[in-house]
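Scroll down for the structure; my scribbles are underneath it.
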Amino acid sequence: QPENLQKNWLREFYQVVHAHKPHFMALHCQEFGGKNYEASMSHVGKFVKELLSSDAMKDYNRARVYLDENYKSQEHFTALGSFYFLHESLKNIYQFDFKAKKYKKVTGKEIYSDTLESTPMLEKEKFPQDYFPECKWSRKGFIRTRWCITDCAFDLVNIHLFHDASNLIAWETSPSVYSGIRHKALGYVLDRIIDQRFEKVSYFVFGDFNFRLDAKAVVETLCAKATMQTIRAADTNEVVKLIFRESDNDRKVMLQLEKKLFDYFNQDVFRDNNGTALLEFDRELSVFKDKLYELDISFPPSYPYSEDSSQGRQYMNTRCPAWCDRILMSHSAKELILKSENDEKIVIYDHIGPNVCMGDHKPVFLSFRIAAGAGKPIANVHKCCVVQ
């Protein structure tokens, strides 16, 4: 029901915009157009048109929209959509031209879709196929843009990392094989954005990282007092299902695990106190602690929510709920946002639409203030004052 879902999604999104009134806003979407691109691209057009012309966004007089819609290009297609909106009160906003290696003033509203490969205002890459051989045709990759606002230069990277193909395989080892694949891909992106081709600036990386909880540790904790039954396929002897039952209490089934089934009897454990008890199993970011910073998470796992429009708080029984959608930053970006005016720490990291169906992922947002001139020492290096 895309019409219905879009209405809900935008209403919740606009409420957050209205509450925080950002002057510069970046919106990163993944799987843009969904999995059935040809059938869905007409909805993409409506979504973009609504965002650019809606009453809620009327004070944003400049915009840049980058949509990877070229689904026929197996080599390049990432299904990423990056939107940037600039409030009329903001003066002198510049965007970096990666080809000319200089900043250009941002005016008007522009949409780029079919021509992303030739647009010098961004860098886009799809991960090599051999990163995730299990998937015949992956769409995972990243888009990077660079901005300069009030003498402060920074990169914004829209990212989509690899998912878990099978719950049973994810459960076998700790950390899982999929976590290793994501680790490799994220490392690749970070190496790209701090390599020698361009001057280094602070960066924010946000999108669907597909980070999962350590499945083995979660199951062992949730089912500590359970006995496990293994069900195998008659013809191949392959494990197709695991059933965890309570040792007493009439052998009640606590968890059923299949390739695409994670059916735990009590979903409240993922919702109570925003699922805080499970954060200790969210370990994939620890490998990057020297390069990346994240504010404390105080919202429940962002995936996989039910796509039934009447079930806004319910998780699907397909995967173990996890914080897939994140906003991460370099340590220099952290310094930037935590040193705001008068030391007011007006920083909010939360999810959108807690009680409304937003699709299988809840969007996550970060709102903060940067004091004018906060990046001045960096800006002089970047010559933001003498841009074209």
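Scanning segment 80-121 for residues that are open to solvent by less than 70 Å² (accessible area, probe 1.4 Å) and either part of a strand (DSSP E or B) or touching a helix residue (DSSP H, G or I) at 6+ places or on another chain (Cβ under 7 Å) (or both) yields a total of 15.
Would segment 204-220 turn up any residue that is among the β-branched types (Val, Ile, Thr) and assigned to a helix (DSSP H, G or I)?
Checked segment 204-220: at least one residue is among the β-branched types (Val, Ile, Thr) and assigned to a helix (DSSP H, G or I).
Beta carbons closer than 6 Å, at least 6 apart along the sequence or on distinct chains, pair a first residue in segment 279-290 that is within 13 Å of His183 (Cα to Cα) with a second that is in a helix (DSSP H, G or I) for Glu284/Ser179; Val287/His183. Checking each residue in segment 25-38 for being in a helix (DSSP H, G or I) and either within 19 Å of Asp360 (Cα to Cα) or touching a Gly at 6+ places or on another chain (Cβ under 7 Å) (or both) picks out only Tyr37. Going residue by residue through segment 52-59, is there one that turns out to be closer than 26 Å to Pro354 by Cα, modelled with pLDDT of 90 or more and open to solvent by less than 20 Å² (accessible area, probe 1.4 Å)? Yes, the conditions are met somewhere in segment 52-59. The condition of being over 26 Å from Asp350 (Cβ atoms), out of contact with any strand residue (DSSP E or B) (no Cβ under 6 Å at 6 or more places or on another chain) and among the basic types (Lys, Arg) holds for only one of Lys21, Lys7, Lys35, that being Lys35.
Of the residues making up segment 263-272, not a single one is in contact (Cβ under 8 Å) with a residue 60 or more places away in the chain, surrounded by 15 or more Cβ atoms within 10 Å (Cβ to Cβ), closer than 27 Å to Gly180 by Cα and out of contact with any Phe, Trp or Tyr (no Cβ under 7 Å at 6 or more places or on another chain).
Is it fair to say Ser302 is open to solvent by less than 30 Å² (accessible area, probe 1.4 Å) and at pLDDT 95 or above? Steps first, answer last, please.
Working: open to solvent by less than 30 Å² (accessible area, probe 1.4 Å): yes; at pLDDT 95 or above: yes.
Here the answer is yes, as Ser302 does meet what is asked.
If you go through segment 73-89 and keep only what is over 17 Å from the mean Cα position of the chain (by Cα) and farther than 14 Å from Leu116 by Cβ, you end up with Gln74, Phe85, Leu86, His87, Glu88, Ser89.
Looking across segment 44-79, the residues that are assigned to a loop (DSSP other than H, G, I, E, B) and without any contact (Cβ under 8 Å) to a residue 60 or more places away in the chain come down to Ser54, Lys58, Asp59, Glu69, Asn70, Tyr71, Lys72, Ser73, Glu75, His76.
Applying the set (1) in contact with a strand residue (DSSP E or B) (Cβ under 7 Å, 6 or more places away or on another chain); (2) surrounded by 22 or more Cβ atoms within 10 Å (Cβ to Cβ); (3) among the aromatic types (Phe, Trp, Tyr) to Phe206 leaves exactly one unmet item: (2). Output the residues belonging to segment 221-242 that are in a strand (DSSP E or B), among the hydrophobic types (A, V, I, L, M, F, W, C) and open to solvent by less than 80 Å² (accessible area, probe 1.4 Å). Hits for segment 221-242 are Ala226, Ile231, Val239, Val240, Leu242. Each residue in segment 60-72 was checked for being modelled with pLDDT of 95 or more, open to solvent by 10 Å² or more (accessible area, probe 1.4 Å) and under 19 Å from Thr119 (Cβ atoms), and 2 of them qualify. Scanning segment 195-238 for residues that are more than 27 Å from Ala322 (Cβ to Cβ), of a type in the set (A, V, I, L, M, F, W, C) and in contact (Cβ under 8 Å) with a residue 12 or more places away in the chain gives Phe198, Val201.
Checked against the criterion of being part of a strand (DSSP E or B) and either on the phi > 0 side of the Ramachandran plot or surrounded by fewer than 16 Cβ atoms within 10 Å (Cβ to Cβ) (or both), segment 243-261 has at least one qualifying residue.
The values are calculated or read from the model by the stated rules, or taken from the named source; none is laboratory data. The model shown is predicted, which means the values in this text are computed figures rather than measured ones. Cβ: placed from backbone, ideal geometry, glycine included. Neighbour counts: every protein chain shown. Calculation scope for accessible area: heavy atoms of the full protein, side chains included, ligands and nucleic acids excluded. Shrake-Rupley method; radii C 1.70, N 1.55, O 1.52, S 1.80 Å.
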